[in-house]
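Accompanying notes for the structure given below.
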Amino acid sequence: MKNIIKTLLLATTLMMCGCGVGRIVDWYPVNIRIYVQDAEGNDLLNPNNENFLGSQVEAEWLDKLYTYTHPQTREYLPRWSGLTLQTHNGTYYLELGELAGDVEYDDDLTIRWPDGSQDVIHYKSRVNHITVDAHRTFKLNGEKCDNPVVIVK
């Protein structure tokens, strides 16, 4: 009887200790994408658009100010690049990143436009290292939204 209790106690201990302890997890980085369009759906971040907004846009993240940069290469390097102007399938967007995927955030990204207006994107990330899960939410000016964020000017 004592051997059965010892065996059950050992098995229970091993099961409890085996949950996520000692595992190596690669968390993917997070980029916040921001598309900007007018009411007709015209891409306002396309440099060929006469209403191009990207030339003087700024973003504030964690008390630091960023202006976008043009990528100089197509090579992917997983590193912090700040605020960049990117294109995908002919549509331009601003991107802030890369943010660490395994870090919890509850912060605002303030976008200041050349006309003096601003938009605030709130990014919240909760990470559970035991279940290897992350819950991420985005709000645009207080309203829940998806990533990529679409701003209509």
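With each label modelled as a point 7 angstrom along the Cα→C-beta vector, the Lys144-Asp26 pair spans 3.2 nm. Give me the one-decimal nm value for the distance between modelled label points at Val132 and Asp115, 7 Å along each residue's Cα-to-Cβ direction. Here the modelled spin labels are 4.7 nm apart. Only Lys, Arg, Asp and Glu carry charge here, each on its Cβ (+1 for the first two, -1 for the last two); on that basis the range 28-152 has a dipole of about 280 debye about its Cα centre.
The order of Trp80, Trp61, going from fewest to most other C-beta atoms within 10 Å of their C-beta, is Trp80, Trp61.
Computed packing ranks the peptides 33-42, 138-147 as 33-42, 138-147, most packed first, by mean other Cβ atoms within 10 Å. At full extension, Val103 and Asn42 could sit 18.5 nm farther apart than now, given 0.36 nm per residue minus the alpha carbon distance.
FYI, it's all coordinate maths here, none of it is from the lab. Everything quoted here is computed from the prediction, not taken from an experiment. Every residue, glycine as well, gets a Cβ built from its backbone with ideal geometry; the counts of neighbours run over all protein chains shown.
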